[in-house]
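Rule-based calculations on the coordinates, nothing more; no lab input. Values in this document were obtained by computation on a predicted structure and should not be read as measured data. Please note: Cβ atoms are built from the backbone with ideal geometry, for glycine as well, and neighbour counts cover all protein chains shown.
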Amino acid sequence: MKREIQRETRTTKPRFKLWFIVVLVLSLSTAALFYGYQQQQLTAPQRLFTLAVKQESQGKIAAAEKSYRDIYQHYPQSAKAAEALLKIGKIWQYNRRDGQRALLSYLQLEHDYPDSSLVLFAREEAAQIVKYTLKDYSRAIEFYQRLLDLNTGKLDHYYLEIADCYFRLEKYPQARIELEVLLENFPDSPLAPDVLYRKGGILLLEGRTKAAQQDWQSLIEQYPDSSYRLQAQFNLAKLLEEQGALKEALQSYREIEGFSPPEVLQKKIDHLEQRIADKTGAI
């Protein structure tokens, strides 16, 4: 009886060791496979992205788009997925000139990756498409307003774009209000000369001539180096001419230096000199 127990013990030990080795090998293999899968998930999107960038640089636009789309479809959780969508949008926008398809890509990026740092750029591109490609100014206002809601980026530019949309819709009072808000919130904006010039034009359309003159005069005094200064001077001289102050208008025209095209300015001066001469002769 004792011998049988000893024999059974000796037989069980090798079997136990064998099973232990098998289980260990299987566990290690599984761990290795899982690690390999993880590495594949981490490195495959980057490899695909690198390939897509290369294809794009070689002019293989269709192949590049497919590679970017593969990243988004097969590795949506990867760090490159949002950037891939952005690249797809750019391809449709700039290479294929299809604003609607580009817009869908940018909106998809915003929807799927709302916390991505690329959302701001995607919204800017989307707003530009809606305004300048689709020419849907009412909708563009909404897109620029959504940019303002982010409270980051080029906020003064967004206000200017909104004002311009209202202007194109011929909603002049609202356009002027947006410009006034821009100046109030961003008094040091480099857009200030442009804003003052535009606001003066809108005020003139509203029949508020004196207010328009004040804006253009402020532009001339505050921003003497602005490219808008010469046009503002020209406009003020033109207003004097229209009001019948011919000598004052002539003097104002003569004080403008560097106006382009110069022949337009000279024509105005010649015309006024003739009017004044005719008026003087008639007296």
Please tell me the relative contact order of the stretch 230-283 in percent, rounded to the nearest whole number, where contacts are Cα pairs under 8 Å and at least six residues apart. 32 percent
Subtract the Cα-Cα distance of Q100 and E257 from 0.36 nm times their separation in residues, and report this length gain in nm to one decimal. 52.0 nm
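Just check the stretch 40-82 against the gyration tensor rule for me: Cα atoms, a ≥ b ≥ c as the square roots of the eigenvalues, rounded for a/c under 1.5, and otherwise prolate or oblate depending on whether a/b exceeds b/c.
It is prolate, given that a/c is not under 1.5 and a/b is the larger ratio.
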Residue-by-residue Karplus 3J(HN,Hα) for the stretch 107-119, coefficients 6.51, -1.76, 1.60, Hz, glycine and proline x: 5, 5, 4, 4, 5, 7, 10, x, 9, 6, 5, 7, 4
Where a ≥ b ≥ c are the square roots of the eigenvalues of the C-alpha gyration tensor, would you call the stretch 212-275 rounded, which needs a/c under 1.5, or, failing that, prolate if a/b is larger than b/c, or oblate? oblate
Would you please put 243-250, 126-133 in order of how densely packed they are, using the mean number of other Cβ atoms within 10 angstrom per residue and starting with the highest? 126-133, 243-250
Between Q217 and H74, 0.36 nm times their residue separation minus their Cα-Cα distance comes to what? 45.5 nm
Each label sits 7 Å from Cα toward the beta-carbon; between Q108 and L134 the label points are separated, in nm, by 1.6 nm
For the stretch 160-283, calculate the relative contact order in percent as a whole number, restricting contacts to Cα pairs under 8 Å that are 6 or more residues apart. 14 percent
For K268, the aspartates and glutamates lying under 19 Å Cα to Cα, once residues fewer than eight places off in the same chain are dropped, come out as E241, E242, E248, E255, E257, D278
Per-residue Cβ contact counts at 10 Å, fewest first, order D149, D115 as D115, D149
For K171, which lysines qualify as cross-link partners when the Cα separation must be under 18 Å and same-chain residues fewer than eight apart are set aside? K131, K135, K199
By the Cα gyration tensor axes a ≥ b ≥ c (a/c under 1.5 gives rounded; else a/b larger than b/c gives prolate, otherwise oblate), the shape of the stretch 99-163 is oblate
Any lysines with Cα under 17 Å of the K54 Cα? List them, leaving off those in the same chain fewer than 8 positions away. K66, K80, K87, K90
Show me 69-80, 255-266 ranked by packing, highest mean number of other Cβ atoms within 10 Å first. 69-80, 255-266
How large is the charge dipole for the stretch 230-283, taken about the Cα centre, if only the Cβ atoms of Lys, Arg (+1) and Asp, Glu (-1) carry charge, to the nearest 20 debye? 100 debye
Extension gain Q145-Q266, at 0.36 nm per residue separation less the Cα-Cα distance, in nm? 39.2 nm
